[in-house]
1. With N residues in the stretch 97-147, what two-decimal value do you get for its Cα radius of gyration over 2.2 N^0.38 Å?
2. Quick one: 3J(HN,Hα) in Hz for the stretch 71-86, Karplus 6.51/-1.76/1.60 with θ = phi - 60°, rounded, Gly and Pro as x.
3. Calculate, for Val111 and Glu48, the FRET efficiency according to 1/(1 + (r/R0)^6) with r their C-beta to C-beta distance and R0 25 Å; round to the nearest 0.05.
4. Between Arg131 and Lys62, what FRET efficiency follows from the Cβ-Cβ distance if R0 is 25 Å, with the result rounded to 0.05?
5. Using Cα positions and a limit of under 19 Å, work out the aspartates and glutamates in reach of Lys38, with same-chain residues fewer than 8 apart set aside.
6. What Kirkwood hydrodynamic radius, in Å, does the chain give when the mean of 1/r is taken over all pairs of distinct Cα atoms and then inverted?
7. Any chance you could count the Lys pairs in the stretch 97-147 whose alpha carbons are under 16 Å apart, treating pairs 8 or more apart or on different chains as valid?
8. Looking at the square roots a ≥ b ≥ c of the eigenvalues of the Cα gyration tensor of the stretch 3-88, which shape do they give, rounded for a/c under 1.5, prolate if a/b is larger than b/c, or oblate?
Amino acid sequence: MALTETISEQMKTAMKSGDKLRLETLRSLRALILEFEKSGADRAMNEEDEQKMLLSAAKKRKDAIEQFSNAGRQEAADKEAAELAIIQEFLPKQMDEAEIEAAVKAIIESVGAKTPQEVGKVMGAAMKELRGKADGTLVQTVAKRLLGA
């Protein structure tokens, strides 16, 4: 089932159960889908587009959590964290640090990187391979550590 149908079905369920936070989050995702459809992209939304949209929404929530926490607004940070958990239900399972490290080691070998100055080359290849499966910040941290930066 496509993301659009899944979100619509879950919105109906959330309306019936009275789960306002879930409904609000699902509506924001549906709005992103509608925005894409009306953007003039002259094509249907594919899985890669869906993943980019979900990752963008998740990143916004993570940034908001950090901002609210720094400002001492824990209630707002908790709400953003709950929204992030709902969004993550639609994303593929995220890799843990050990899995990321193994993948980055293989990428370092394949691109032949040896110095800390080659982190950019490694990151380009790593994000193509790991997009949606791993947090970019964590991938960069692991790459820098492995290259001795």
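Each value in this text was obtained by applying a stated rule to the coordinates, not by laboratory testing. The shown structure was predicted, so the numbers you read here are calculated from the model rather than taken from an experiment. Every residue, glycine as well, gets a Cβ built from its backbone with ideal geometry; the counts of neighbours run over all protein chains shown.
1. Dividing the Cα Rg of the stretch 97-147 by 2.2 N^0.38 Å gives 0.95.
2. 8, x, 9, 5, 4, 5, 5, 5, 5, 5, 5, 5, 5, 4, 4, 5
3. The pair Val111/Glu48 has a calculated efficiency of 0.65.
4. Between Arg131 and Lys62 the formula returns 0.95.
5. Of all the aspartates and glutamates, those that pass the test against Lys38 - Cα under 19 Å, at least 8 places apart if same chain - are Glu5, Glu47, Glu48, Asp49, Glu50.
6. 17.3 Å
7. 6
8. Oblate, since a/c reaches 1.5 and b/c is not below a/b.
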